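Accompanying notes for the structure given below.
The values are calculated or read from the model by the stated rules, or taken from the named source; none is laboratory data. Computed from a predicted model, the values in this text were never measured in an experiment. Heads up, the Cβs are rebuilt from the backbone with ideal geometry, glycines too, and the neighbour counts pull from every protein chain shown. Please note that ligands, DNA and RNA were not included when accessible areas were found on the heavy atoms of the full protein model with its side chains. Shrake-Rupley method; radii C 1.70, N 1.55, O 1.52, S 1.80 Å.
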Amino acid sequence: MKIAVLPGDGIGTEIVAQAAKVLEALRSDGMKIEMEYAHLGGAAYDAEGDPFPQSTEKLAKASDAVLLGAVGGYQYDTLPRDMRPERGLLRIRKELNLFANLRPALLYPELANASTLKSEVVSGLDIMIVRELTGDVYFGQPRGITTLPNGEREGVNTMRYSESEIIRIGHVAFGIAMKRNKKLCSVDKANVLETTELWRMVMTELSKEYPEVALTHMLVDNTAMQLVRAPKQFDVVVTGNIFGDILSDEASMLTGSIGMLPSASLDQNNKGLYEPSHGSAPDIAGKDIANPLATILSVAMMLRYTFNDEANALRIEGAVRKVLQQGLRTADIFEAGMQKVGCSKMGDAVVSAL
Ligand code: NAD
């Protein structure tokens, strides 16, 4: 298993170091794991003048999976758009053709009080959001800011999805629903946007290939509301790039802390990029207080989706659960009566529990 490790910026280096400890523990158990490090984001711009340098692209393409921390930092906000860290992230996703983004929102019972919602609304919550990642208004052409003949500026982005793009993300979502509770909710804005009218048609056609999965459709505005009103009605949710971006952040907060949520971005062959759902948190970088559990749980997703190793995925998830049961908490999930630990200590505790 060749893994490209890209710590990135901010807390990225601290949290990835903890995930690497877990991988090393698995290696000392006999698993054949090879890890090679490279730069992405601001760190890559500093070292190589490009947020996604060729050396990183080569390594990522030659690896079976990529483990990423996060990218971004205040010092890069004034760089030309193409040189900003976030552009490196968009480019690696596009280059590796990572069209399927899987973001679970799972609430550990030990953290039921960390959510801002009433615990009876969220306890037992277990949603998987499947977001299309390489199309939609984020990539559609034409785009840009132009000046109209009357001198006024105009901003343009284009929402578009081809049928084949919808079909391939649809298969991923139906496949995941088959392995879970066989409920799939497809989210669109078919009452207003033709792009998503096609999305709804294609999902309905695909559902004939998955007769065991109960497919429903929901408008995105209603979904935003239902996620906070009655989130447990959802099992698997599938949606386009922009709606998925917003809804998955909303769903993540149902669970209390973004520091707990892993994510996977997969290509057609289940090669994947695994990263926490949060960013580089420059406000807490270098203080050893970041929560590394989302990154560690991303390693569990890597074993499950790229390496087909459900047993070790469950082992890592079990170890995370155990440290929470032991009362260990980083600052973001801390509550009275628990033991506050830093990023590195949390990583060590997960390795011991493993
Ligand atoms: P962020 O997710 O970095 O931080 C939001 C808040 O959550 C902050 O208060 C932060 O301290 C906290 N937080 C995040 N992760 C945490 C963790 N593991 N443990 C404890 N607390 C944590 O989002 P932001 O502040 O909007 O963005 C900061 C930078 O990250 C920006 O440059 C942004 O572009 C970038 N970003 C990168 C990614 C990515 O790499 N995938 C995603 C989102 C944002």
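If you go through the stretch 282-294 one residue at a time, do you hit one that is assigned by TED's automatic domain parsing to the domain that holds residue 190, in a loop (DSSP other than H, G, I, E, B) and aliphatic (A, V, I, L, M)? Scanning the stretch 282-294, I find no residue that is assigned by TED's automatic domain parsing to the domain that holds residue 190, in a loop (DSSP other than H, G, I, E, B) and aliphatic (A, V, I, L, M), so the answer is no. Among the residues making up the stretch 15-37, those that are in a helix (DSSP H, G or I) and either away from the ligand (no atom under 16 Å from the Cβ) or open to solvent by 30 Å² or more (accessible area, probe 1.4 Å) (or both) are 17, 21, 23, 24, 25, 26, 27, 28.
Has the stretch 344-352 got any residue that is touching an Asp or Glu at 6+ places or on another chain (Cβ under 7 Å), touching a residue at least 40 places away in the same chain (Cβ under 8 Å) and within 15 Å of the ligand (Cβ to nearest atom)? The answer is yes, given that some residue of the stretch 344-352 is touching an Asp or Glu at 6+ places or on another chain (Cβ under 7 Å), touching a residue at least 40 places away in the same chain (Cβ under 8 Å) and within 15 Å of the ligand (Cβ to nearest atom).
In the set (1) touching a helix residue (DSSP H, G or I) at 6+ places or on another chain (Cβ under 6 Å); (2) more than 8 Å from the ligand (Cβ to nearest atom); (3) at negative phi; (4) modelled with pLDDT of 95 or more, residue 288 fails one condition alone, (3).
Results for (1) farther than 20 Å from residue 280 by Cα; (2) in contact with a Cys (Cβ under 6 Å, 6 or more places away or on another chain); (3) part of a helix (DSSP H, G or I), shown as yes or no for each residue.
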position: 222; (1), (2), (3): yes, no, yes
position: 226; (1), (2), (3): yes, no, yes
position: 232; (1), (2), (3): yes, no, yes
position: 237; (1), (2), (3): yes, yes, no
position: 245; (1), (2), (3): no, no, yes
position: 248; (1), (2), (3): no, no, yes
position: 253; (1), (2), (3): no, no, yes
position: 256; (1), (2), (3): no, no, no
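A quick yes/no check of all residues on (1) in a loop (DSSP other than H, G, I, E, B); (2) at pLDDT 95 or above:
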site: 39; (1), (2): yes, yes
site: 45; (1), (2): no, yes
site: 56; (1), (2): no, yes
site: 60; (1), (2): no, yes
site: 91; (1), (2): no, no
site: 98; (1), (2): yes, yes
site: 105; (1), (2): no, no
site: 117; (1), (2): yes, no
site: 130; (1), (2): no, yes
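Summed over the stretch 176-210, residues that are among the aromatic types (Phe, Trp, Tyr) and surrounded by fewer than 21 Cβ atoms within 10 Å (Cβ to Cβ) total 1.
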